[in-house]
Protein chains: 2
Amino acid sequence: MRGDILSWGMRETLAEWRPAVDEAIARVLPRDPDEAYVAEFFGDARYEYDADALAEGLHDPVWDLLDRGGKRWRAVAFLRIIEGLGGDPERFLPYATVPEILHNGTIIVDDVEDGATLRRGEEALHHRYGEDVALNAGNALYFIPLKVVSRNPAELDDETRLAVYEMLTYELNRTHLGQGMDIHWHNEDGVNLTEAEYMEMCACKTGCLGRIVGRLAAIVTHQPPAIEDALADYMETLCIAFQIGDDILDIEHSLDRAGDFGKAFGNDIHEGKKTLMTVHAVENAEADAASRLETILASDDTTDEMVLDAIDIIQETGSLSYARERALDLAADARDHLVDVPLTPDAQADLEEFTRFVVERDV
Amino acid sequence: MRGDILSWGMRETLAEWRPAVDEAIARVLPRDPDEAYVAEFFGDARYEYDADALAEGLHDPVWDLLDRGGKRWRAVAFLRIIEGLGGDPERFLPYATVPEILHNGTIIVDDVEDGATLRRGEEALHHRYGEDVALNAGNALYFIPLKVVSRNPAELDDETRLAVYEMLTYELNRTHLGQGMDIHWHNEDGVNLTEAEYMEMCACKTGCLGRIVGRLAAIVTHQPPAIEDALADYMETLCIAFQIGDDILDIEHSLDRAGDFGKAFGNDIHEGKKTLMTVHAVENAEADAASRLETILASDDTTDEMVLDAIDIIQETGSLSYARERALDLAADARDHLVDVPLTPDAQADLEEFTRFVVERDV
């Protein structure tokens, strides 16, 4: 991330909490699972476990991915919300791993579904470990966070734990709806979706993980429903802005590299991904340009010239600046959701800063 | 299944309940999801859902799979246990879909992980709908059953619902451990596992879905822990026997087709799958034959002659009959777990019949 767009408080918050988050992840998913861990996590074997299979098939690949980077900002946002609400971040630290582990599970599975080759600058996990190992590891990460709830490290009462399970059930079902919408459009030749449908896809696919951050923080600290909703909406909106920011970065990076053929650029256009920009451009460009853009997105054999042409259409239609404006609107909207949440001023400032970070970051 | 090995009661039970189970599945996963369903299941859209994406990406592929067959025996076993314990199967019918939906989710994902081409005599889902659609549909089926619990159709109290969530958390984490062990060995060249490890893999991968059947039936009808454990052990043991029965069938079908080259046969040996029979044969065959068997299993280019050689080694080492004996032992063991469960005599007879069905079926 660009140092200059981050206030000191925000940088400090991320730097302060990241190692603690990784330690908390290691408590539920150790780098080297030993027999004691296996017996505690899975119960006594009926016959005999193969701990090597667990280490090589789950713990090694996941830590390979985690050690490549990631700011753990979902976990840090969770902890900052807890702290801002007057809760004890240490007490709830294990719960910070819930959205973070889920997030890493989804990216492993997404990479298989998208046929991605790279993740965080290295081979995607299914290329390095095989599709079978990567998929099972990704799917295992969907259920490990539930174990955090059943281990009950903060000694929550039954009603609170039930609320956590029901919340996760609701949000994780919506996550798969969002991913399903994304896949569905990706497999269609034309751009047959509305802006509202695109936004809903982001709200479900990316937003639900954010909603989990906000709602989990509210549930474990016993906030009233209005505060839980406000925090869910704050995080959801932040995540939609983040997703649009991601799509903008893909085009911006392509602009930086224009002319530098031979390097990978314009990944989203190569992949035929539908984004707010392509939806806007197809709706607003001249009929001829709109149809050319759809053809390029549908092509299985996209040349660099075609990518440049697509980017030109997007720029000439004002779709890049339109997307930037929408992301900024969403960031402002996210901040509005915080107004009635009883946060400390420091936490409020940090959480507002998050909304700037997600749209102004350059990585 | 072979009619002659099934008592009338068992056939009647399966035939009686199957349509009701499919109707119950359709209530949580309708064939044609309409707007009312979407709003109830996912809540109001923030922007706008794409119901087509849901239908084509999830409901159509899943019903394609369900309509190919399957006896829904996990659901029927659940209902028979409920009835045998004096509960009302109608009241708990929605919960019968939990193991059934989970089972179908795992086979969609397994087929991707195993690179399978066929499922129930037709194209595997990832071949028909694409890997992205199939995977997301399979994964969605992991979370839809949790929705049954949160919809709470039988008006269970909070404590009972919490127990259901915790049980599912525990068993679904173990499922992924089992699948991880299976994948790990599959990717190794030699046969480096013990019989106890193989049995544990079955207990986790296949057995956990069975345990869910037994434990869910016990939890929703408020059985004491000893009865819940007995039903879990009954179902787990039954499922291990089922898995070994599956592996035996693969070899037996190959024997039927020996000489009939050109037809697919010996799938497990082609795939290099580690089974109780190959583990037993490698441990007990002459060094030369054992090493030949390992070479055949590790080969990426297995000829029909190699498959026949592998089957010869398995037969000559007595591994096929050894596996049959173990499956029968397990079936007997499963029946023993029922002894202290307060079931009606009819249900007891049906559930004992299930243990024969899983090892003596020919499909």
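The values are calculated or read from the model by the stated rules, or taken from the named source; none is laboratory data. Every value quoted in this text rests on a predicted model; they were computed, and no experiment measured them. All Cβ positions, even for glycine, are placed from backbone atoms using ideal geometry, and neighbour counts span all protein chains on display.
The residues of the stretch B:131-161 that are surrounded by fewer than 21 Cβ atoms within 10 Å (Cβ to Cβ) and of a type outside the set (D, E, K, R), listed by number, are B:150, B:152, B:153, B:154, B:156, B:160. Residue selection: residue A:210 fails the criterion of being surrounded by 24 or more Cβ atoms within 10 Å (Cβ to Cβ), more than 8 Å from chain B (Cβ to nearest Cβ), more than 18 Å from residue B:50 (Cα to Cα) and without any contact (Cβ under 8 Å) to a residue 40 or more places away in the chain. Could you check how many residues of the stretch B:161-191 are part of a loop (DSSP other than H, G, I, E, B) and in contact with a Lys or Arg (Cβ under 9 Å, 6 or more places away or on another chain)? Residues in the stretch B:161-191 being part of a loop (DSSP other than H, G, I, E, B) and in contact with a Lys or Arg (Cβ under 9 Å, 6 or more places away or on another chain): 2 in total.
Scanning the stretch B:46-55 turns up at least one residue that is of a type in the set (Ser, Thr, Tyr) and over 27 Å from residue A:138 (Cα atoms). When restricted to residues that are part of a helix (DSSP H, G or I) and more than 11 Å from chain A (Cβ to nearest Cβ), the stretch B:16-50 contains 17.
Of all residues assigned to the stretch A:13-23, none qualifies as being surrounded by fewer than 16 Cβ atoms within 10 Å (Cβ to Cβ), of a type in the set (Gly, Ala, Ser) and modelled with pLDDT of 95 or more. Under the condition of being hydroxyl-bearing (Ser, Thr, Tyr) and without any contact (Cβ under 8 Å) to a residue 24 or more places away in the chain, the residues counted in the stretch B:324-363 number 0.
Return yes or no: is residue A:280 modelled with pLDDT under 95 and assigned to a helix (DSSP H, G or I)? For residue A:280, the condition - modelled with pLDDT under 95 and assigned to a helix (DSSP H, G or I) - is not met. Residues that are in contact with a Ser or Thr (Cβ under 8 Å, 6 or more places away or on another chain) and not assigned by TED's automatic domain parsing to the domain that holds residue A:208 within the stretch A:144-168 comprise A:145, A:146, A:147, A:148, A:149, A:150, listed in sequence order. Within the stretch A:50-79, which residues are surrounded by fewer than 24 Cβ atoms within 10 Å (Cβ to Cβ) and among the aromatic types (Phe, Trp, Tyr)? Hit for the stretch A:50-79 is A:63, nothing else. Those helices (runs of 4 or more DSSP H) of the stretch A:51-153 in which 2 or more residues are within 14 Å of another protein chain (Cβ to nearest Cβ) and either modelled with pLDDT of 95 or more or out of contact with any His (no Cβ under 6 Å at 6 or more places or on another chain) (or both) occupy A:51-54, A:60-66, A:89-114, A:125-129, A:131-151. Among the residues of the stretch A:175-204, how many are among the small types (Gly, Ala, Ser), surrounded by fewer than 22 Cβ atoms within 10 Å (Cβ to Cβ) and within 8 Å of another protein chain (Cβ to nearest Cβ)? Result for the stretch A:175-204: 1. With respect to residue B:13, determine if the residue is in a helix (DSSP H, G or I), β-branched (Val, Ile, Thr), outside the structural domain of residue B:348 (by TED's automatic domain parsing) and closer than 30 Å to residue A:236 by Cβ. When the stated conditions are applied, residue B:13 does not pass them.
The residues on offer are B:343, B:351, B:328, B:293, and the sole one that is in a loop (DSSP other than H, G, I, E, B) and either modelled with pLDDT of 95 or more or under 21 Å from the mean Cα position of the chain (by Cα) (or both) is B:343.
Among the residues of the stretch A:324-340, the one identified as crowded, with 22+ Cβ neighbours inside 10 Å and either farther than 21 Å from residue A:279 by Cβ or touching a His at 6+ places or on another chain (Cβ under 7 Å) (or both) is A:334. Every test in (1) free of Cβ contacts under 8 Å to residues at least 40 places away in the same chain; (2) farther than 22 Å from residue B:320 by Cβ; (3) within 14 Å of chain A (Cβ to nearest Cβ) is passed by residue B:224 save one, and that test is (3).
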